[in-house]
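The values are calculated or read from the model by the stated rules, or taken from the named source; none is laboratory data. Since this is a predicted model, take the numbers as computed values, not measurements. Here the Cβ positions follow ideal geometry from the backbone for every residue, glycine too, while neighbour counts run over all protein chains shown. Each accessible area value is taken on the protein alone, full model and side chains, heavy atoms only, with ligands, DNA and RNA left out. Shrake-Rupley method; radii C 1.70, N 1.55, O 1.52, S 1.80 Å.
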Amino acid sequence: MKYGENNYRMSQSEISLLCYKLFMLADAGVNIDDAVSDISESSENKKEKEILDNIKKSLWEGEPLSSAIKSTGAFPAYMSEMIGIGEISGRLTEVLASLAKYYEDEEELCANLKRAVVYPSVMAGLVAVVFFVLIGKVLPIFSQVFDKMGITLSPLSEAMLSLSGVSEYIAAALVILLAAGTVFIVYNFYIKNGAESFSKLFSKSRACMEVDRSRFASSMAMSLSSGLPIEQAMDMTEELLKGSAIEDKIKECQELMARGDSFSSAVKQSGIFDSMQSGILSAGTGAGTPDRAMGLIAGKCREEADAGMSAMLGRFEYILVVLLCVSVGFVLLSVMLPLLGVITSAGI
């Protein structure tokens with residue numbers, strides 16, 4: 001939990017589990033009031049139990065589940081809106097099942113993003129430490145040794161060793177820079193929502209586009225399977241993906257639909273999906289199952305996003321390896337060239 005009522009908000013995994021429990025009990029014929037009460041009594045998490053007790057109290061006062069959830073401030077607005085639609089349409093059980101799957105997918109997506117940035121972050125920190133030790137600490141020692149021995153250095157060796165003093169500050173600055181980058185990554189991918197942070201940081205990348213396409217497809221799949229009209233599903237998804245890489249494309253799609261274009265045609269023309277994904281949607285729409293098509297597209301987009309992230313982070317790793325090799329090579333040349341000069345002058 002992060003924030004909400006009493007400064008807490010349930011995580012996506014907790015929301016998914018709660019929706020799944022509510023779905024199971026509701027599907028078994030248990031009314032929502034009793035279902036929330038049962039879940040609250042079995043909860044071992046103090047904050048979660050407190051939130052569920054507040055929901056239970058609101059339900060006993062006659063509020064619908066959507067209003068009770070919204071009043072806690074511990075859940076996303078999207079969740080309460082979808083539950084409200086389920087209550088109105090009489091499909092609350094189906095909506096709860098869809099929400100459980102949706103937030104499970106969101107949690108998996110964020111977890112993948114977190115795992116993807118851990119290795120480069122650790123590697124960047126190690127490179128910074130090695131760079132600092134070699135150039136900031138090792139080179140000055142050799143420089144002092146050569147001075148005490150009265151060794152005359154070649155112009156190249158002398159220039160390389162003279163850079164060690166400046167390099168110490170450069171190394172320190174690099175350590176600070178990489179440490180700040182690590183803190184920035186941890187904050188954005190672990191404290192804040194990873195998918196939203198990824199969209200803002202890498203909005204032009206292929207991986208980011210696939211992440212947002214996956215979130216769009218997942219949201220539309222859930223909305224459509226819950227019986228929501230396509231136009232209303234688009235409005236809710238557009239609100240959910242504000243600030244994403246495909247926000248402008250979603251708005252363009254809505255404009256095309258308002259002019260009379262079909263949903264699948266508008267999605268294709270606006271560029272929300274690529275040609276293959278648009279083909280799947282057209283086939284699903286023609287078969288009368290656009291929700292199932294969206295679910296399939298969401299899975300394919302997640303696979304593409306994983307591949308894109310791996311490629312992007314792979315390039316970053318190559319840069320770190322090159323930086324490490326250059327720093328080590330600089331130290332070796334700075335030390336070995338003067339030693340070679342001594343050996344040559346001694347006639348060895």
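Values computed for the structure shown
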| read-out | value |
| --- | --- |
| Solvent exposure, largest accessible area first (probe 1.4 Å, DNA, RNA and ligands not counted), of 322, 130 | 322, 130 |
| Rounded percent of accessible protein surface that carbon and sulfur make up, segment 1-87, 1.4 Å probe | 49 percent |
| Accessible area of segment 209-330 belonging to carbon and sulfur atoms, whole % at 1.4 Å probe | 56 percent |
| Per residue accessible area in Å² of segment 210-276, where ligands, DNA and RNA are left out and the probe is 1.4 Å | 39 Å² |
| Per residue accessible area in Å² of segment 1-107, where ligands, DNA and RNA are left out and the probe is 1.4 Å | 49 Å² |
| Mean Cβ count within 10 Å, highest first, over the residues of peptides 9-21, 90-102 | 90-102, 9-21 |
| Rounded to whole Hz, the Karplus (6.51, -1.76, 1.60) HN-Hα couplings of segment 26-37, x for glycine and proline | 5, 5, 7, x, 7, 6, 4, 4, 5, 5, 4, 4 |
| Of 46/101; 49/70; 21/47; 21/101; 47/70; 101/300, those spanning more than 19 Å from alpha-carbon to alpha-carbon | 46/101 |
